[in-house]
Amino acid sequence: QVQLVESGGGEVQAGGSLRHSCATSGLTVNGYNMGWFRQAPGKEREFVAAMRTGSSTYYSDSAKGRFTISRDNAKNAVYLQMNNLKPEDTAVYFCAADPTLPLSRTTQGFRFWGQGTQVTVSS
């Protein structure tokens, strides 16, 4: 049974940083597509970042240059480091996983989801 549990959300001022963690069970992060999505109030869930085996990473235009996705194979965990946060980054952030190729940037392309954690960025 695959489980994803996020942690690391919170409140921060604009320009600050946060690091999300996604603890997993029932899968091997090095063998799955691992992604981060976010959903702001009244908006659809959107792609933020993703990675597959190897070192290839993918980012949304808004995340590129500010966010970094990474994984720790020994801990079977995935992380999202968010720097230079902006008020428009305020959202619930979700960790997601899927075993199939190719890697997708859509919510339909990920089968397993965490419960989400709130990030609030104040100006």
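The values are calculated or read from the model by the stated rules, or taken from the named source; none is laboratory data. Here the structure is a predicted model, which is why all the values come from computation and not from measurement. Because the Cβ atoms are built from the backbone with ideal geometry, glycine has one as well, and the counts that use them run over all protein chains shown. Heads up: the accessible areas ignore ligands, DNA and RNA and are worked out on the full protein's heavy atoms, side chains in. Shrake-Rupley method; radii C 1.70, N 1.55, O 1.52, S 1.80 Å.
Does the stretch 71-84 contain any residue that is charged (D, E, K, R) and farther than 22 Å from SER7 by Cβ?
First, pick out the residues of the stretch 71-84 that are charged (D, E, K, R): 71-72, 75.
Narrowing further to those that are farther than 22 Å from SER7 by Cβ: none.
Taking every residue of the stretch 71-84 in turn, none turns out to be charged (D, E, K, R) and farther than 22 Å from SER7 by Cβ.
I need the full set of residues from the stretch 93-123 which are in a strand (DSSP E or B) and open to solvent by 40 Å² or more (accessible area, probe 1.4 Å), in order please. Break it down into steps so the answer makes sense when it comes.
Residues of the stretch 93-123 in a strand (DSSP E or B): 93-98, 112-113, 117-122.
Hits for the stretch 93-123 are PHE112, TRP113, GLN118, THR120, SER122.
With respect to ARG38, determine if the residue is open to solvent by 70 Å² or more (accessible area, probe 1.4 Å) and either of a type in the set (S, T, N, Q) or outside any loop (DSSP other than H, G, I, E, B) (or both). I'd like the intermediate steps shown before the answer.
Numbers: open to solvent by 70 Å² or more (accessible area, probe 1.4 Å): no; either of a type in the set (S, T, N, Q) or outside any loop (DSSP other than H, G, I, E, B) (or both): yes.
Criteria not met by ARG38.
Listed here are the residues, each with its yes/no results for (1) open to solvent by 60 Å² or more (accessible area, probe 1.4 Å); (2) in a loop (DSSP other than H, G, I, E, B).
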position	(1), (2)
GLU11	yes, no
GLY16	no, yes
GLY42	yes, yes
VAL48	no, no
THR53	yes, yes
ASP61	yes, yes
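Which members of the stretch 18-35 meet the condition of being over 16 Å from LEU103 (Cα atoms) and part of a strand (DSSP E or B)?
LEU18, ARG19, HIS20, SER21, CYS22, ALA23, THR24, SER25
Which condition number does ASN33 fail, the rest of (1) polar (S, T, N, Q); (2) out of contact with any helix residue (DSSP H, G or I) (no Cβ under 6 Å at 6 or more places or on another chain); (3) surrounded by fewer than 17 Cβ atoms within 10 Å (Cβ to Cβ) being met?
(3)
When SER123 is evaluated against the numbered criteria (1) within 26 Å of ASN30 (Cα to Cα); (2) modelled with pLDDT under 95; (3) not β-branched (Val, Ile, Thr), which criterion, by number, is the only one it fails?
In the conditions (1) within 26 Å of ASN30 (Cα to Cα); (2) modelled with pLDDT under 95; (3) not β-branched (Val, Ile, Thr), SER123 misses (1) alone.
Would you mind stating whether SER25 is more than 11 Å from the chain's Cα centre (by Cα), among the polar types (S, T, N, Q) and modelled with pLDDT of 95 or more? First the steps, then the outcome.
Numbers: more than 11 Å from the chain's Cα centre (by Cα): yes; among the polar types (S, T, N, Q): yes; modelled with pLDDT of 95 or more: yes.
Considered against the rule, which asks whether it is more than 11 Å from the chain's Cα centre (by Cα), among the polar types (S, T, N, Q) and modelled with pLDDT of 95 or more, SER25 comes out as yes.
Taking the stretch 63-78 as the search range and keeping residues that are touching a helix residue (DSSP H, G or I) at 6+ places or on another chain (Cβ under 9 Å) and either open to solvent by 20 Å² or more (accessible area, probe 1.4 Å) or touching a residue at least 60 places away in the same chain (Cβ under 8 Å) (or both), which one is farthest from VAL119 (Cα to Cα)?
Filtering the stretch 63-78 for residues that are touching a helix residue (DSSP H, G or I) at 6+ places or on another chain (Cβ under 9 Å) and either open to solvent by 20 Å² or more (accessible area, probe 1.4 Å) or touching a residue at least 60 places away in the same chain (Cβ under 8 Å) (or both), the one farthest from VAL119 (Cα to Cα) comes out as ASN73.
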